Each structure stands twice: as structure tokens, then as C-alpha cells.
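*Asks:* Mind looking over this structure? Questions follow.
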Amino acid sequence: MSQPAAFNISQPVSIGFGDTVTLVEGSTFCRSDHRGDVVEGGSHGLFFRDSRVLSRWELRVDGRPLEPLTVDLPEAFAALFISRRAPVGGLADSTLLVVRERLVADGMRETITLQNLGSEPTVVSLEVHADADFADLFAVKEGRVALGGADIGVVNDELVLRDRADHVRGLLLTATGNPTVSPGTLSWRVVVPPRQKWQTEIVAQPTWANQSVKSRFRSGEHFQSSVPAQKMQAWRSTATKVEPDHRVLAQVLRQTESDLGALLIHDELGDKRPFVAAGAPWYMTLFGRDSLLTAWMALPLDYGLSVGTLQQLAEIQGRRVDPVTEEQPGRIMHELRRGPLSAAVLGGPVYYGAVDATPLFVMLLAEAWRWGADENIVRSLLPAADAALDWASRYGDRDDDGFIEYQRATDRGLVNQGWKDSFDGINFASGRIAEPPIALCEVQGYQYAALLARAELAEAFGQPATARRHRDRAAALRKRFLDAFWLPDKGWYALALDADKRPVDSLTSNLGHCLWTGIAADEHVAVIVERLSSEEMDSGFGLRTLATSMGAYNPMSYHNGSVWPHDTAIAVAGLMRYRHVPGAVELAERLTAGLLDAAQAFGARLPELYCGFGRSEFRTPVPYPTSCSPQAWASAAPLLLVRAFLGLDPHVPNRRLVVSPRLPRDWGRVSLTELDLGGNTVTIEAEGETVKVNGLPEDWEVVTPQG
């Protein structure tokens, strides 16, 4: 009999919609039910490199499923499934506790502990049934029946599963406790003495071309001392500590730190900083738009994420014209995949069909530099930034009208290539879908900010002519934008211009992005604040993507009336940028309060999106069925809220820090400690409109309301 694991049960959690438990670590994730079983026929599974390497993982005790008690999720990569043996017929209680401790990290380790709480020995028959279909992530997500399957065999008392289609992907299952191993099953028959425990440890290790992927599991270790836990601790030890008095905000920020740490993907070659995967379960990979915006939002926590993201994206920046993958010189990619169907779905492992990632790349490069990114790294990325701006002129502006448009190159690409990329996401007030080429309002804002960002870098690095050229281009773009996109009879900017240059006149949350980038005019913002303040847009739990008065409005849609936390957070940051406009701060506070109420309802973890029903309809936000959680930019959104209300704007190269807080009254005090600014460990404490800053040298300029 082996030694029992030391259970460190923190706070059991409610699993939520569908009772699906998702564990994530880097690009590996596992989805199961609340018993811990991976059940065939749905979206459950252990996924590695965009392929499902376990499609069945079911535990049976005495031939029956367990009776679940609770699930504890101490970290995003670990779970304790706490169950009991189903009571014998005629009895109400059971004396056998069954705990499955699961750890995900480039594979999966599960420790099963049987604890006999009775006064006499108990005989237990234990079986684990395993299978794999090696289905591509896309096939699982879309509910398509996967072709092929697994060849299953037993070699040296180990269960071996191989992809029948190509024999490249595989899985090796090993277990302690001397199991009987047969194709697809590990089984034990044990006697557990009274008041004692019995334990087995099972490791599911992916293989590639018959070689095991380097294991990060050590036998007998608890999840607290595992490699993922050490990685998480290293992340937490270097990240800024953000601590508000507000109880719910504090819980949400702790979840933010945990989820971003679990979503970190480290460069396999080890020569670049980590970046953040877009989100579980379907986007555990590098995404252009998502990873860039997440890195921006996470700057107060760790500017290193922005450096890793920029380096990774620059390495696979477009070099040639390929209509199948939509690659173009200078274009920043949309999505990176390594699954078996990547070529069939995306045209290759890298798909470039995004219109907004390219200017966002340039924006983030300058912002990371302001926050303290190494100047040599920033300089090394300038060619990529210039190639991105060249793409905007040569390929993004398809008709030389000064705006960036998109239209997919083939019938396999994304129809819509902004952040609202569902097929019906861009529509007129009547509900009619807009025809491409389409110029989105927020993309013009991103390009405006990108030009100003590159101009600032040019000034700093002794390129005055380049700086003037980009500033002139930015000013010209802003003038064209204000003339073409403003709808004076509506009181908002058009969502887009369609193929005929007609303004797409629906009222949407994209307005908030225009405020965030600064392309909006003050006189327009005053009216926009009124529009966004209406019940048409403010659901009470955040900003709706589309107003209730629009023809395509559907609160249960993906982009036409739902609420996306990152989208609302960007709008709040935009409102605080225009804090001098009447009503802007008040609306920002109201939207933020709604987001925090939603976060509390979701157990402190903001999901990718939720339905846009109003508070008057339902007291709590209604989940969106296939929403990702954890999802990177939703997890990072609370950090952007904190930064916006702090008015936090560092400029490390100029040795200048601006902090102009307008904190909501119920937040109380907010402190940032161990904030790294140019090698200086800084502490900021703010409440209301007052702030104290410590840790900066005397030669720094600190700008606060108190002077």
C-alpha cells in the first residue's frame, strides 16, 4: 500500500454551465465532467498540440460510476475530484471516499486515492477505461465525427495508443499499483484496510513519432511542488502585486493572476520570453489580436509578456503573398495551429486573416518601450513595425482611400477579420449584413495610434524625418475618419464603411475602441457618452456589443448583443481617456460595477463573453454556452480597469511617471507593489483622487494631482 497524498483542499467551487471542468497549462488542456470522467461523444478530452490525445477516460469502482461530492480547483492546471463509491442498494451512505488529483502539463498525471472510512476491510475493483481518437481540435469544436482513431496495444505492462491515421501522434499510459493492463483498460482489485488509504498514480504522456514528449511529472509529488506550480510561483514572484480594498475586485485580480500564469506558453527554443495563449478550451495557442491585447492589458502586472508576444509574432510575420493562408508581407498573423487538420482548415499551420493585429503590433511595441522593455529588443523589432506599417499602405488600404479594409482572399478564409469575426458580426441598423471590402472604425483607430506610436519611437531613436512623416499620416487619417465615419443624425461613429463606402450605421461597442485609441473628437465623445449610457447599450453587467434597438440584436448571439468583458474594459479605458467630457467617468464607473457584479456571479473568473440580457430581465448574467474560460483578454480585462482608473502612464525612457487617479468610491484603497519601472521597484497607493508613489529615484518626474 502506497503513502496517501496530502490533500490541500482550498475552496471547492461551483463548476457552472454544463458541469464541465476545464484544466489548462500552457497549450495543454483537459475537459471532463464533474466526476473527472472524459466521456466520449462530446467536447471532453485531453488536448495536446491541437489534437485530442484522450477521448475517453472513465473511472469505474465495482463496475459503476462514482457519486460526485465536489470539485476543488486550487489552480487552473490542477483539480481534486472528490467522490464516493455509490452506496450499495438499500443503504443511504457509502464508506469509500475516492479522490482523483489531476495535474495537466504537456500531458496528464492522475493520482487516485481510495480511503476506507469504515470499520472493516473493503474490497474494491477499480477500472480506468481509456481511448483516443486523435481528432483535430477544429473537428471537436465543430462537433464533426473524427476520422481514424487509435491503434491500442500493451507493451511492457504499459498501454500504448497511436493515431491510426499517421502513427505520428500517440499516448503512453503508465500506472503504479501493479495494474492488470489490457487494450483500453487499466484495472486493480485491492483490499483497503479500515481507516486506511490505497493509491495509484497514472501518467498519460503524449508521444510524437514514437518518442515521448519530455515529461514534466515527477512520481509521488503533490501538485504544489510540480513543475507547473513552480512555473506559476515564478510568475507570481515577478508579477506586480495589485491589491484593492474592494473584496470582489481583489478576488477577481487573484483569479486574473492565476489564469494568466496558467495560459503562459514558453518558447520551446528557450530564447524568448513567454507569451499568453488566447484561451481555453479552443484557443490554446498564439493569436495575433488576442495575445497582443492581452499583453497590453497585462502591462501593469508584467511588461515581459508584451516582449515575448512581440518577438513570437515578429518571427512569423508575413513574408510573401499566399491567398490560401492570407499571408502578405508585413502582415501579423491571426492564428497558429499544429493539429492534424491545420492545413485543411487554415491552409497551413499559420493563418493571417486578421485586419487589426498588424497595427496593434506597432501600438504594443511603443507601449512596451514606455513601460521599460529593453531598448535593444525594441530596436531589433523596429523593422517588423515598419513592415507592419508598409502592409497597411500596400495591402491594408486596398483602394487608396486612406482607410484599412479587409476582404478574404478565398472562400475558406474568415468573412469578417476584425475582432467581431463571426459571419454576421458586421451589420447595418436594419440588420442587413455589410458586404466587403469593409473598413472597420476601430481598425482606423488602431492605425492612427500605431502611426503616433512609431513617430514617438522615431523621435526617441534619432529619426526626426520619419517621426514627422508618421505624425502627418496620423493627422490626415484622423481627419478623414471624422469626416467619413461620424453620423451626425445618429450621434455615433459608423461601425464600418462597406464595399460601396456606405456607413454601416449600427450602434455598437466598437465606439469604445475609438475612444481608447484617441481618434475620436471631444465634441463627438460628449454625444457618444449619452448613447453608450442608454439601456440599449448598458446591460447592467457590461456594454452590449450591439444596441437592443438594432435589427440584428440578439442577446444570445456571439457578437450581436452579447457582453465581452475585454470589450467593456477597453470602453472604460477609452472613457477615462476622455475623463474631461461630462458623464464619461460616471459611465466608466457604472460599466465597471456591472463587470464586477458579473465576475462575482461567475466565481471571480470573467468568461470570454456572456449573454446580453439586462439586469431587469435576470438578476445574474446568463452564460454563453461555448464561452472560453479561462480566456486571456477576459482574464486581463480587470488590470486594464485598474490602470484606467489610476490614470497610470509610465514612460521609463523619459524617466517620467503619471498617476492621476479617479478611483470609484467603493474601491477604497488600491495599492501596486513590486512594480518594476526601469529596474526600480515602485509602490503606488491610491484612494479616490489622491496617490502616493515610493521607490523612484530623485531624477524621475512624478506627475500626480497633488503635484
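The values are calculated or read from the model by the stated rules, or taken from the named source; none is laboratory data. Just so we're clear, the structure is a prediction, and the values are computed from it rather than from any experiment. Using ideal geometry, Cβ is built from the backbone for each residue, glycine included, and neighbour counts are taken over all protein chains shown.
*Asks:* Can you tell me which of Arg56, Arg35, Arg60, Arg52 is basic (Lys, Arg) and closer than 30 Å to Gln251 by Cβ?
*Replies:* Going through Arg56, Arg35, Arg60, Arg52 in turn, just one is basic (Lys, Arg) and closer than 30 Å to Gln251 by Cβ: Arg35.
*Asks:* Listed residues Val691, Val658, Val642, Val702; which is modelled with pLDDT of 95 or more and closer than 12 Å to Pro300 by Cβ? Even if it seems obvious, please write down each step before you answer.
*Replies:* Values: Val691 fails: closer than 12 Å to Pro300 by Cβ; Val658 fails: closer than 12 Å to Pro300 by Cβ; Val702 fails: closer than 12 Å to Pro300 by Cβ.
So the residue among Val691, Val658, Val642, Val702 that is modelled with pLDDT of 95 or more and closer than 12 Å to Pro300 by Cβ is Val642.
*Asks:* Just checking, does the stretch 133-152 include any residue being over 27 Å from Ala229 (Cα atoms) and either aromatic (Phe, Trp, Tyr) or more than 37 Å from the chain's Cα centre (by Cα) (or both)?
*Replies:* For the stretch 133-152, residues over 27 Å from Ala229 (Cα atoms) and either aromatic (Phe, Trp, Tyr) or more than 37 Å from the chain's Cα centre (by Cα) (or both): present.
*Asks:* Looking at the stretch 153-180, which of its residues are over 35 Å from the mean Cα position of the chain (by Cα), within 16 Å of Glu110 (Cβ to Cβ) and not small (Gly, Ala, Ser)? Can you show your working first?
*Replies:* From the stretch 153-180, those over 35 Å from the mean Cα position of the chain (by Cα) are 153-158, 176-180; that's our starting set.
Those still in the list that are within 16 Å of Glu110 (Cβ to Cβ) too: 158, 176-177, 179.
Glu158, Thr176, Pro179 - these are the residues of the stretch 153-180 that are over 35 Å from the mean Cα position of the chain (by Cα), within 16 Å of Glu110 (Cβ to Cβ) and not small (Gly, Ala, Ser).
*Asks:* Further, regarding this structure: Just need a number here: residues in the stretch 496-539 that are closer than 18 Å to His566 by Cβ and not hydroxyl-bearing (Ser, Thr, Tyr).
*Replies:* Number satisfying all stated conditions: 10.
*Asks:* Can you tell me which of Ala86, Ala79 is without any contact (Cβ under 8 Å) to a residue 60 or more places away in the chain, more than 20 Å from Pro281 (Cβ to Cβ) and not basic (Lys, Arg)?
*Replies:* Exactly one of Ala86, Ala79 is without any contact (Cβ under 8 Å) to a residue 60 or more places away in the chain, more than 20 Å from Pro281 (Cβ to Cβ) and not basic (Lys, Arg), namely Ala86.
*Asks:* Please indicate, with yes or no, whether at least one residue in the stretch 377-394 is in contact (Cβ under 8 Å) with a residue 60 or more places away in the chain and touching a strand residue (DSSP E or B) at 6+ places or on another chain (Cβ under 8 Å).
*Replies:* Looking for residues that are in contact (Cβ under 8 Å) with a residue 60 or more places away in the chain and touching a strand residue (DSSP E or B) at 6+ places or on another chain (Cβ under 8 Å), one finds none in the stretch 377-394, hence no.
*Asks:* Quick one: is Thr185 of a type in the set (Ser, Thr, Tyr) and in contact (Cβ under 8 Å) with a residue 24 or more places away in the chain?
*Replies:* Yes: the conditions hold for Thr185.
*Asks:* Still on this structure, I have one more. Within the stretch 532-543, is there a residue that is in contact (Cβ under 8 Å) with a residue 12 or more places away in the chain, surrounded by 21 or more Cβ atoms within 10 Å (Cβ to Cβ) and part of a helix (DSSP H, G or I)?
*Replies:* yes
*Asks:* Could you tell me which of the residues Ala439, Ala476 is in the same structural domain as Asn560 (by TED's automatic domain parsing), among the small types (Gly, Ala, Ser) and surrounded by fewer than 23 Cβ atoms within 10 Å (Cβ to Cβ)?
*Replies:* So the residue among Ala439, Ala476 that is in the same structural domain as Asn560 (by TED's automatic domain parsing), among the small types (Gly, Ala, Ser) and surrounded by fewer than 23 Cβ atoms within 10 Å (Cβ to Cβ) is Ala476.
*Asks:* Of the residues Ala295, Ala314, only one is farther than 28 Å from Cys30 by Cβ, modelled with pLDDT of 90 or more and not aromatic (Phe, Trp, Tyr); which?
*Replies:* Result: Ala314 is the single residue among Ala295, Ala314 that is farther than 28 Å from Cys30 by Cβ, modelled with pLDDT of 90 or more and not aromatic (Phe, Trp, Tyr).
*Asks:* Still on this structure, I have one more. Any idea which of Leu495, Leu546 is surrounded by 24 or more Cβ atoms within 10 Å (Cβ to Cβ) and either free of Cβ contacts under 8 Å to residues at least 12 places away in the same chain or closer than 23 Å to Trp296 by Cβ (or both)?
*Replies:* Exactly one of Leu495, Leu546 is surrounded by 24 or more Cβ atoms within 10 Å (Cβ to Cβ) and either free of Cβ contacts under 8 Å to residues at least 12 places away in the same chain or closer than 23 Å to Trp296 by Cβ (or both), namely Leu495.
*Asks:* Working only within the stretch 61-76, note down all residues that are in a strand (DSSP E or B), free of Cβ contacts under 8 Å to residues at least 40 places away in the same chain and not charged (D, E, K, R).
*Replies:* Pro68, Leu69
*Asks:* Just to be sure before I move on: is Ala484 in the same structural domain as Ser534 (by TED's automatic domain parsing), part of a helix (DSSP H, G or I), closer than 27 Å to Arg370 by Cα and not aromatic (Phe, Trp, Tyr) in the structure I sent?
*Replies:* When the stated conditions are applied, Ala484 does not pass them.
*Asks:* Another question, then. Those residues that are closer than 27 Å to Glu257 by Cα, assigned to a loop (DSSP other than H, G, I, E, B) and in contact with a Leu (Cβ under 7 Å, 6 or more places away or on another chain), I need them from the stretch 293-325; list them, please.
*Replies:* Ala298, Pro300, Leu301 - these are the residues of the stretch 293-325 that are closer than 27 Å to Glu257 by Cα, assigned to a loop (DSSP other than H, G, I, E, B) and in contact with a Leu (Cβ under 7 Å, 6 or more places away or on another chain).
*Asks:* Tally up the residues in the stretch 112-151 that are surrounded by 23 or more Cβ atoms within 10 Å (Cβ to Cβ) and not in a strand (DSSP E or B), please.
*Replies:* Qualifying residue count, the stretch 112-151: 6.
*Asks:* Return yes or no: is Asp93 surrounded by fewer than 23 Cβ atoms within 10 Å (Cβ to Cβ) and either among the hydrophobic types (A, V, I, L, M, F, W, C) or touching a residue at least 12 places away in the same chain (Cβ under 8 Å) (or both)? If you could, list the steps in order and put the result at the bottom.
*Replies:* Values: surrounded by fewer than 23 Cβ atoms within 10 Å (Cβ to Cβ): yes; either among the hydrophobic types (A, V, I, L, M, F, W, C) or touching a residue at least 12 places away in the same chain (Cβ under 8 Å) (or both): no.
No.
*Asks:* Look through the stretch 449-481, keep the residues that are over 34 Å from the mean Cα position of the chain (by Cα) and not in a helix (DSSP H, G or I), and return whichever of them is nearest to Gly402 (Cα to Cα).
*Replies:* So, considering only residues that are over 34 Å from the mean Cα position of the chain (by Cα) and not in a helix (DSSP H, G or I), the one nearest to Gly402 (Cα to Cα) is Gln463.
*Asks:* Next question, about the same structure. Could you please find all residues in the stretch 587-596 being farther than 13 Å from Pro664 by Cα and either in contact (Cβ under 8 Å) with a residue 60 or more places away in the chain or outside any helix (DSSP H, G or I) (or both)?
*Replies:* none
*Asks:* Any residue that is within 28 Å of the chain's Cα centre (by Cα), closer than 24 Å to Ser616 by Cβ and assigned to a loop (DSSP other than H, G, I, E, B) - is there at least one of those in the stretch 491-507?
*Replies:* Scanning the stretch 491-507, I find at least one residue that is within 28 Å of the chain's Cα centre (by Cα), closer than 24 Å to Ser616 by Cβ and assigned to a loop (DSSP other than H, G, I, E, B), so the answer is yes.
*Asks:* In addition: For the stretch 668-691, give me the residue count where each residue is within 18 Å of Leu641 (Cα to Cα) and surrounded by fewer than 21 Cβ atoms within 10 Å (Cβ to Cβ). Please lay out each step first, then the result.
*Replies:* In the first step, residues of the stretch 668-691 are kept if they are within 18 Å of Leu641 (Cα to Cα); the result is 668-673, 675, 684-691.
With surrounded by fewer than 21 Cβ atoms within 10 Å (Cβ to Cβ) added as a condition, the list becomes 668-669, 671, 673, 685, 687-690.
Going through the stretch 668-691 one residue at a time, the tally reaches 9.
*Asks:* Looking only at the stretch 433-491, filter to residues that are without any contact (Cβ under 8 Å) to a residue 60 or more places away in the chain and among the acidic types (Asp, Glu); which one of those is nearest to Trp391 (Cα to Cα)?
*Replies:* Filtering the stretch 433-491 for residues that are without any contact (Cβ under 8 Å) to a residue 60 or more places away in the chain and among the acidic types (Asp, Glu), the one nearest to Trp391 (Cα to Cα) comes out as Asp472.
*Asks:* Next up: How many residues are basic (Lys, Arg) and in a helix (DSSP H, G or I) if we restrict to the stretch 560-586?
*Replies:* Selection size over the stretch 560-586: 1.
*Asks:* Sticking with this one: What residue, of Gly542, Gly574, Gly518, Gly603, is at pLDDT below 95 and either closer than 26 Å to Gln447 by Cα or within 20 Å of the chain's Cα centre (by Cα) (or both)?
*Replies:* Gly603
*Asks:* Taking interchain pairs and intrachain pairs at least six residues apart, which have beta carbon atoms under 9 angstrom, with the first residue in the stretch 636-650 and over 15 Å from Thr704 (Cβ atoms) and touching a residue at least 24 places away in the same chain (Cβ under 8 Å) and the second buried (at least 24 other Cβ atoms within 10 Å of the Cβ) and acidic (Asp, Glu)?
*Replies:* Cβ pairs passing all conditions: Ala636/Asp259; Ala637/Asp567.
*Asks:* For the stretch 326-366, how many residues meet the condition of being part of a loop (DSSP other than H, G, I, E, B) and at pLDDT below 95?
*Replies:* 8
*Asks:* If you scan the stretch 351-402, which residues turn out to be of a type in the set (Phe, Trp, Tyr), crowded, with 24+ Cβ neighbours inside 10 Å and in contact with a helix residue (DSSP H, G or I) (Cβ under 6 Å, 6 or more places away or on another chain)?
*Replies:* Within the stretch 351-402, Phe361, Trp369 qualify.
*Asks:* Filter the stretch 698-707 down to residues that are more than 24 Å from Met576 (Cα to Cα) and in contact (Cβ under 8 Å) with a residue 40 or more places away in the chain and give me whichever is surrounded by the fewest Cβ atoms within 10 Å (Cβ to Cβ).
*Replies:* The qualifying residue surrounded by the fewest Cβ atoms within 10 Å (Cβ to Cβ) is Asp699.
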